[in-house]
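**Student:** Pasting a structure here, questions to come.
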Amino acid sequence: MATLPIVQYEEKIIETIERNPVVVVIGETGSGKSTQLSQMLYRRGYADSARIVVTQPRRVAAVTVARRVAQELGVQLGEEVGYAIRFEDRTSHRTRIKYLTDGVLLRESLVNPELNEYSVVILDEAHERSLNTDILMGLMKRLAKIRTSNLKVLITSATLDGNKVSNFFRDCPVLTIPGKLYPVEILYSKERPSSYLESSLKTAIDIHVREPEGDVLIFMTGQDDIEKLVSKLEDKVRSLEEGSCMDAIILPLHGSLPPELQVRVFNPPPPSCRRIIVATNIAETSLTVDGVVYVIDSGYVKQRQYNPSTGMYSLDIVQISKVQANQRAGRAGRTRPGKCYRLYPSQVYNDEFLDVTVPEIQRSSLAGSVLYLKSLDLPDIDILKFDFLDPPSSESLQDALKQLYLIDAIDENGAITSIGQKMAELPLEPSLSRTLMEANDYGCIPEALTVAAMLSAETTLLPARSKTEKKRKHPEPNLPDGFGLGDHIQLLQIFECWDQTDYDIGWCKDNGLQVRGMLFVRDVRKQLSQIMQKIAKGPLDIRSSRRRGESRQDYRNLRKALCVGYANQLAERKMHHNGYRTLGFQGQVVQVHPSSVLKADDLGKFPDYVVYHELIATPRPYMRNVCSVEMRWVVPVINKLKTLDVYKLSGGTGPVEEETERNVPDLPKKIVEVTAGVDDSESRIQAARERFLARKGKK
DNA sequence: GAGCACTGC
């Protein structure tokens with residue numbers, strides 16, 4: 001094994017950690033921080049009385065890094081070195097170094113908030129700013145204060161925000177460890193291209209024709225653009241004169257590609273053949289492609305963001321941050337010196353790009369996180385003033401409180417209820433955990449478990465359709481239709497059909513369902529069942545209803561339970577047509593998503609009331625996954641809406657306005673513009689989109 | 001009749 005840069009710094013690192021409870025480690029790519037920090041501390045006896053734990057934002061990372069460390073220490077994985085991810089705990093009583101996902105550590109904190117099992121907590125890849133890691137950083141700041149004598153906290157970060165993280169942790173020391181990347185030459189465009197597609201195409205072909213061997217990695221924003229570019233590249237490469245340059249294989253790479261096609265990028269190319277990989281952000285951190293020497297960076301990424309004032313998500317194309325741009329460039333220098341072609345001028349990088357990516361906590365609905373923090377019941381913590389590295393806006397926190405109040409997870413004073421306490425134990429969005437609670441009373445737990453599990457995997461169930469496939473009218477004619485009652489019912493029926501085949505893999509394939517997604521649903525359902533049995537403190541019949549030989553005509557109980565769980569996600573049909581208005585403070589005019597199986601009645605009318613799983617502006621506002629409910633179930637919710645008092649919910653500690661002023665975070669301008677667009681007028685989003693499309697050369 | 005970047009408990 002080649003020497004990792006970090007090894008030379010061992011004395012310095014240990015000395016700093018011994019003197020300080022919290023240390024920020026800036027470890028550049030290839031520094032070896034993920035595998036070496038834990039081993040250094042292990043050698044120095046930090047794992048003698050308690051364990052060393054290392055978090056990762058992704059499951060694969062937790063597994064592969066643990067495997068490497070076990071190998072380096074010459075031990076069996078699962079013994080001295082182990083890992084824990086959802087559905088898989090490979091640790092034993094002998095485990096001294098434990099790798100896990102940040103979500104698993106949050107679950108462990110729920111049981112033991114002091115984390116006494118651990119002597120060292122390392123939050124790795126904190127610069128990615130995942131929602132879970134951000135919450136953990138807040139919790140660790142508190143824990144480091146409480147457990148001064150026997151806890152060490154290490155945060156790994158990126159160069160650009162090391163000082164910020166250090167300031168957050170009371171000016172703790174920052175150690176910088178160089179990486180082992182080869183130099184990457186950065187080449188900027190003179191101006192922004194009028195079409196990213198054409199510009200990427202031209203740059204890629206130039207590289208292919210002129211540059212020595214080495215694979216090309218192109219960062220695009222989505223599946224559509226990737227498919228277009230792949231086909232253009234194929235045409236162009238084919239038209240090149242035979243023998244004028246080496247062969248090329250063009251490979252798409254994005255999340256909705258079936259796994260067997262994704263792994264193609266890990267196969268080495270045939271000799272004297274160049275690979276051109278056209279990828280989404282998945283290649284930025286999640287997947288590392290070996291052999292890349294040239295990177296083409298469009299400078300854009302598709303990002304999902306939540307607008308707390310409308311309760312709506314939007315998927316926007318935004319400029320990447322400097323951290324992301326550098327991460328992308330770094331992908332070219334893993335095996336030898338490389339080149340990165342940035343399709344934007346250096347001035348745009350310097351003046352317009354944010355230093356770091358907007359943290360997920362400022363782009364998400366926070367109901368689940370707020371419920372989680374409330375359920376920890378930390379005496380010294382006030383959620384609205386919770387010490388986050390980048391606090392979410394008070395508007396976002398108040399939105400979360402409103403949601404939680406409407407589904408009975410907190411009372412009118414903002415205190416967690418016994419229902420809320422149980423909900424927090426379920427690894428689900430609050431709307432679904434509330435549905436499960438209610439289903440327990442209505443005797444439809446088996447159905448509710450299935451719906452919750454199916455929605456947890458929903459996007460991975462149906463394989464990506466390419467352009468040609470999309471044209472087929474009814475791709476899955478054999479799948480049930482939810483009796484027209486809605487998508488939740490359809491998802492339930494699909495699982496029940498599969499259940500009846502004894503989980504036959506072939507059945508999934510025949511019906512165009514992703515096998516991995518369905519297996520995941522089965523695992524989630526099992527996990528949820530176990531937690532529900534624990535909460536109910538008694539035996540529950542959790543068998544799928546097909547197994548019980550029962551049939552449901554109208555799924556009345558289930559839909560009633562959904563209506564309670566989705567109290568904050570209700571919509572009322574507008575008079576005389578099939579548009580809806582959401583119920584709540586700022587009613588939004590929305591449509592049923594065209595992919596829905598919800599059916600209109602004989603008069604062509606949709607049901608008067610529906611619940612929806614999610615609002616998404618793409619850019620027109622749609623309700624995705626809807627289910628019909630009845631007006632009399634909705635009435636209690638409307639009455640509760642009338643009693644809602646945000647001032648009291650926030651703890652009534654001061655005027656809400658004042659809080660608002662004090663809690664406004666430094667929202668980057670770009671995001672403010674985008675969310676403001678969703679907020680007040682559709683035309684603004686449309687305009688933004690048109691500008692982008694124009695740039696891409698579509699118009 | 002329109003579209004969905006990526007994670008995770």
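The values are calculated or read from the model by the stated rules, or taken from the named source; none is laboratory data. The structure displayed is predicted, hence computed values, not measured ones. Here the Cβ positions follow ideal geometry from the backbone for every residue, glycine too, while neighbour counts run over all protein chains shown. Side chains included, ligands, DNA and RNA excluded: accessible areas come from the protein's heavy atoms. Shrake-Rupley method; radii C 1.70, N 1.55, O 1.52, S 1.80 Å.
**Student:** If a residue counts only when it is touching a residue at least 40 places away in the same chain (Cβ under 8 Å), open to solvent by less than 10 Å² (accessible area, probe 1.4 Å) and not assigned by TED's automatic domain parsing to the domain that holds residue A:287, which strands (runs of 3 or more DSSP E) contained entirely in the range A:1-106 have at least 3 such residues?
**Tutor:** Numbers: elements: A:22-27, A:51-56, A:81-85, A:88-90, A:97-101.
In the range A:1-106, A:22-27, A:51-56, A:97-101 are the strands (runs of 3 or more DSSP E) which contain 3 or more residues that are touching a residue at least 40 places away in the same chain (Cβ under 8 Å), open to solvent by less than 10 Å² (accessible area, probe 1.4 Å) and not assigned by TED's automatic domain parsing to the domain that holds residue A:287.
**Student:** What tally of residues in the range A:267-318 results from selecting those that are near DNA strand B (Cβ under 9 Å from one of its atoms) and of a type in the set (Phe, Trp, Tyr)?
**Tutor:** Summing the residues that are near DNA strand B (Cβ under 9 Å from one of its atoms) and of a type in the set (Phe, Trp, Tyr) in the range A:267-318 gives 1.
Here is a yes/no grid of residues against (1) farther than 27 Å from residue A:528 by Cα; (2) not β-branched (Val, Ile, Thr):
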position	(1), (2)
A:373	no, yes
A:393	yes, yes
A:408	no, yes
A:412	yes, yes
A:417	no, no
A:420	no, yes
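**Student:** Considering (1) in contact with a Phe, Trp or Tyr (Cβ under 7 Å, 6 or more places away or on another chain); (2) surrounded by fewer than 17 Cβ atoms within 10 Å (Cβ to Cβ), say which one residue A:114 fails and leave the rest.
**Tutor:** Of the numbered conditions (1) in contact with a Phe, Trp or Tyr (Cβ under 7 Å, 6 or more places away or on another chain); (2) surrounded by fewer than 17 Cβ atoms within 10 Å (Cβ to Cβ), the odd one out for residue A:114 is (1).
**Student:** Can you give me the number of residues within the range A:242-275 that are without any contact (Cβ under 8 Å) to a residue 60 or more places away in the chain and either part of a strand (DSSP E or B) or open to solvent by 50 Å² or more (accessible area, probe 1.4 Å) (or both)?
**Tutor:** Summing the residues that are without any contact (Cβ under 8 Å) to a residue 60 or more places away in the chain and either part of a strand (DSSP E or B) or open to solvent by 50 Å² or more (accessible area, probe 1.4 Å) (or both) in the range A:242-275 gives 23.
**Student:** Hey, another quick one. Looking at the range A:65-110, which of its residues are within 10 Å of DNA strand B (Cβ to nearest atom) and of a type in the set (Val, Ile, Thr)?
**Tutor:** Residues satisfying the conditions are A:85, A:101, A:104.
**Student:** For the range A:550-559, indicate whether the set of residues that are away from DNA strand B (no atom under 16 Å from the Cβ), within 27 Å of residue A:498 (Cα to Cα), charged (D, E, K, R) and open to solvent by 70 Å² or more (accessible area, probe 1.4 Å) is non-empty. Show your work before the answer.
**Tutor:** Keep residues of the range A:550-559 that are away from DNA strand B (no atom under 16 Å from the Cβ), which gives A:550-559.
Narrowing further to those that are within 27 Å of residue A:498 (Cα to Cα): A:550-559.
Next, from what is left, pick out any that are charged (D, E, K, R): A:550, A:552, A:554, A:556, A:559.
Keeping just the survivors that are open to solvent by 70 Å² or more (accessible area, probe 1.4 Å) gives A:550, A:556.
Taking every residue of the range A:550-559 in turn, at least one turns out to be away from DNA strand B (no atom under 16 Å from the Cβ), within 27 Å of residue A:498 (Cα to Cα), charged (D, E, K, R) and open to solvent by 70 Å² or more (accessible area, probe 1.4 Å).
**Student:** Which residues, taken from the range A:288-307, are of a type outside the set (Lys, Arg) and within 30 Å of residue A:367 (Cα to Cα)? Before the answer, list the steps.
**Tutor:** We begin by selecting, within the range A:288-307, every residue of a type outside the set (Lys, Arg); these are A:288-301, A:303, A:305-307.
Once the filter is applied, which keeps residues that are of a type outside the set (Lys, Arg) and within 30 Å of residue A:367 (Cα to Cα), the range A:288-307 yields A:300, A:301, A:303, A:305, A:306, A:307.
Matching residues to (1) in contact with a His (Cβ under 7 Å, 6 or more places away or on another chain); (2) more than 18 Å from residue A:627 (Cβ to Cβ); (3) not in a helix (DSSP H, G or I):
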| site | (1), (2), (3) |
| --- | --- |
| A:395 | no, yes, no |
| A:399 | no, yes, no |
| A:412 | no, yes, yes |
| A:435 | no, no, no |
| A:438 | no, no, no |
| A:441 | no, yes, no |
| A:450 | no, no, no |
| A:453 | no, no, no |
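**Student:** Does residue A:378 satisfy the condition of being open to solvent by less than 30 Å² (accessible area, probe 1.4 Å) and in a loop (DSSP other than H, G, I, E, B)? Quick ask: steps written out before the conclusion?
**Tutor:** Numbers: open to solvent by less than 30 Å² (accessible area, probe 1.4 Å): yes; in a loop (DSSP other than H, G, I, E, B): yes.
Yes.
**Student:** Would you call residue A:230 within 17 Å of residue A:294 (Cα to Cα), within 16 Å of DNA strand B (Cβ to nearest atom), at pLDDT below 90 and open to solvent by less than 20 Å² (accessible area, probe 1.4 Å)? Working first, answer last.
**Tutor:** On the way: within 17 Å of residue A:294 (Cα to Cα): yes; within 16 Å of DNA strand B (Cβ to nearest atom): yes; at pLDDT below 90: no; open to solvent by less than 20 Å² (accessible area, probe 1.4 Å): yes.
No, not satisfied.
**Student:** Which residues, taken from the range A:301-341, are out of contact with any strand residue (DSSP E or B) (no Cβ under 8 Å at 6 or more places or on another chain) and either surrounded by fewer than 20 Cβ atoms within 10 Å (Cβ to Cβ) or over 23 Å from residue A:585 (Cα atoms) (or both)? Please lay out each step first, then the result.
**Tutor:** Within the range A:301-341, the first condition is being out of contact with any strand residue (DSSP E or B) (no Cβ under 8 Å at 6 or more places or on another chain), and the residues that meet it are A:308-309, A:321-323, A:326-327.
Once the filter is applied, which keeps residues that are out of contact with any strand residue (DSSP E or B) (no Cβ under 8 Å at 6 or more places or on another chain) and either surrounded by fewer than 20 Cβ atoms within 10 Å (Cβ to Cβ) or over 23 Å from residue A:585 (Cα atoms) (or both), the range A:301-341 yields A:309, A:321, A:322, A:323, A:326, A:327.
**Student:** Same structure, new question: So which residues in the range A:276-300 are more than 21 Å from residue A:28 (Cβ to Cβ), open to solvent by 10 Å² or more (accessible area, probe 1.4 Å), outside any loop (DSSP other than H, G, I, E, B) and touching a residue at least 40 places away in the same chain (Cβ under 8 Å)?
**Tutor:** If the condition is that a residue be more than 21 Å from residue A:28 (Cβ to Cβ), open to solvent by 10 Å² or more (accessible area, probe 1.4 Å), outside any loop (DSSP other than H, G, I, E, B) and touching a residue at least 40 places away in the same chain (Cβ under 8 Å), then A:300 is the only one that fits.
**Student:** When residues of the range A:578-633 are filtered for being closer than 28 Å to residue A:303 by Cβ, within 11 Å of DNA strand B (Cβ to nearest atom) and in a loop (DSSP other than H, G, I, E, B), how many remain?
**Tutor:** Within the range A:578-633, residues that are closer than 28 Å to residue A:303 by Cβ, within 11 Å of DNA strand B (Cβ to nearest atom) and in a loop (DSSP other than H, G, I, E, B) number 7.
**Student:** Hey, among the residues in the range A:353-375 that are of a type in the set (A, V, I, L, M, F, W, C) and assigned to a loop (DSSP other than H, G, I, E, B), which one's nearest to residue A:140 (Cα to Cα)? Can you show your working first?
**Tutor:** First, pick out the residues of the range A:353-375 that are of a type in the set (A, V, I, L, M, F, W, C): A:353-354, A:356, A:358, A:361, A:366-367, A:370-371, A:373.
Filter again for assigned to a loop (DSSP other than H, G, I, E, B), leaving A:353-354, A:356, A:358, A:366.
On the way: A:353: 30, A:354: 26, A:356: 22, A:358: 21, A:366: 19 Å.
Filtering the range A:353-375 for residues that are of a type in the set (A, V, I, L, M, F, W, C) and assigned to a loop (DSSP other than H, G, I, E, B), the one nearest to residue A:140 (Cα to Cα) comes out as A:366.
**Student:** Follow-up. What are the residues in the range A:127-148 that are among the hydroxyl-bearing types (Ser, Thr, Tyr) and within 16 Å of DNA strand B (Cβ to nearest atom), if any?
**Tutor:** Pass one, the range A:127-148, residues among the hydroxyl-bearing types (Ser, Thr, Tyr): A:130, A:133, A:148.
Of everything in the range A:127-148, those that are among the hydroxyl-bearing types (Ser, Thr, Tyr) and within 16 Å of DNA strand B (Cβ to nearest atom) turn out to be A:130, A:133.
**Student:** Still on this model: Of the conditions (1) touching a residue at least 12 places away in the same chain (Cβ under 8 Å); (2) more than 20 Å from residue A:133 (Cβ to Cβ), residue A:387 clears all except one; give me its number.
**Tutor:** That leaves (2) as the condition not met.
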